[in-house]
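Have a look at the structure below before the remarks.
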Amino acid sequence: MTDSDKTAEILLAEDNPGDVMLTKKALEKGKLANNLHVVTDGVEALEFLRREGEYEDSPRPDIILLDLNMPRKDGQDVLKELKNDDDLCRIPVVVLTSSESEEDIAKSYELNANAYLTKPVDFDGFIEIVNRLENFWFKVVKFPEK
């Protein structure tokens with residue numbers, strides 16, 4: 001998605017309200033027009049992606065920002081399900097988590113995450129990483145037509 005007239009559809013799967021707020025603020029400071037959709041657990045994430053229940057009219061996201069540690073269904077289970085779904089597997093998934101565990105990093109890539117980012121603990125660092133993520137995924141990367 002390199003056309004500056006388009007609005008990016010971003011799904012954030014994150015159960016921490018503080019991290020949701022930081023992500024919203026970081027995206028507001030960016031230059032990309034976006035619609036941020038937030039779900040707070042893995043079950044909701046899959047319902048959103050599959051357009052089930054209250055999410056039947058949800059847009060297909062251009063990218064998913066996925067926390068690993070969520071209730072009901074964790075991020076790795078979500079990643080496994082969506083990368084095994086022929087309809088959803090092409091949506092880029094960036095794991096955005098506080099975990100620096102080598103095991104979590106390796107497992108996420110084994111499950112075909114497109115990137116793994118550790119959340120910075122300070123506000124400025126968080127803004128910078130989200131802005132870099134935005135720049136890379138929406139200005140540098142080329143995607144096939146939908």
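Laboratory data are not the source of any read-out in this text; all were calculated from the coordinates shown. Fair warning: this is a prediction, and the values are worked out from it, not measured in the lab. Because the Cβ atoms are built from the backbone with ideal geometry, glycine has one as well, and the counts that use them run over all protein chains shown.
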field: Extension reserve of the E110-F123 stretch, reckoned as 0.36 nm per residue once the Cα distance is removed
entry: 1.7 nm
- prompt: What's the exposure ranking of V95, V140, going from fewest to most Cβ atoms within 10 Å?
  reply: V140, V95
- line: For I91, I63, I129, ascending order of other Cβ atoms within 10 Å (fewest first) is I129, I91, I63
message: My understanding is that a pair violates if its Cα-Cα distance is over 30 Å; which of K29/K107; K31/K80; K107/K139 do that in this structure?
response: K29/K107; K31/K80
- prompt: Counting alpha carbon pairs within less than 8 Å and at least 6 residues apart, what relative contact order, in whole percent, applies to the chain?
  reply: 27
field: Under 9 Å, Cβ to Cβ, from D19 - net charge with Lys/Arg +1 and Asp/Glu -1
entry: -2
query: Rounded to the nearest 500 deg cm²/dmol, what is the calculated helix-only ellipticity per residue at 222 nm for the chain, with -39500 (n - 2.57) per DSSP H run of length n ≥ 4?
result: -11000 deg cm²/dmol
Fluctuation leader among K24, K107, K119 - the chain, Gaussian network, Cα springs under 10 angstrom: K107
query: With a 10 Å Cβ neighbour count serving as the proxy for reagent exposure, in which order, fewest first, do Y109, Y55 appear?
result: Y109, Y55
- prompt: Want the number for D86 to N131: 0.36 nm per residue separation, take away the alpha-carbon distance, what's left?
  reply: 13.2 nm
statement: Per the C-alpha gyration tensor (a ≥ b ≥ c, the square roots of its eigenvalues), the chain is rounded if a/c is under 1.5, else prolate if a/b beats b/c, else oblate; here it's rounded
- line: Mean-square fluctuation maximum in Gaussian network of the chain, Cα pairs under 10 Å, restricted to F126, F136, F48, hits F136
query: Rounded to the nearest 0.05, what FRET efficiency do F143 and N69 have when you use their Cβ-Cβ distance and R0 = 30 Å?
result: 0.60
- line: Relative contact order of segment 1-64 (C-alpha contacts under 8 Å, at least 6 apart) in percent is 43
